[in-house]
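The values are calculated or read from the model by the stated rules, or taken from the named source; none is laboratory data. This structure is a prediction, so every number in the text was calculated from the model and none was measured. Don't worry about glycine lacking a Cβ; one is built from the backbone with ideal geometry, like all the others, and counts go over all protein chains shown.
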């Protein structure tokens, strides 16, 4: 999953929100991790990965 946010805290919050909306009842996520941080024009892009 790729998330664009102003900081890491907001990136994790966005990732959690997306997972809850897209995978309700389908999978259970134990944790998510920040894999990469890349700059964009208006913020930073964060690559996060979930483990089950």
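What residue, among those in segment 36-52 that are in a strand (DSSP E or B) and exposed (fewer than 10 other Cβ atoms within 10 Å of the Cβ), is modelled with the lowest pLDDT?
The qualifying residue modelled with the lowest pLDDT is 51.
Residue 5 - would you say it is touching a strand residue (DSSP E or B) at 6+ places or on another chain (Cβ under 6 Å), at pLDDT 80 or above and surrounded by 10 or more Cβ atoms within 10 Å (Cβ to Cβ)?
It is false that residue 5 is touching a strand residue (DSSP E or B) at 6+ places or on another chain (Cβ under 6 Å), at pLDDT 80 or above and surrounded by 10 or more Cβ atoms within 10 Å (Cβ to Cβ).
Restricting the first residue to segment 16-45 and requiring it to be over 18 Å from residue 4 (Cβ atoms), which pairs with a second residue that is surrounded by fewer than 10 Cβ atoms within 10 Å (Cβ to Cβ) and at pLDDT below 75 meet a Cβ separation below 9 Å and a spacing of at least six or different chains?
27/52; 28/52; 29/51; 29/52; 30/51; 30/52; 31/51
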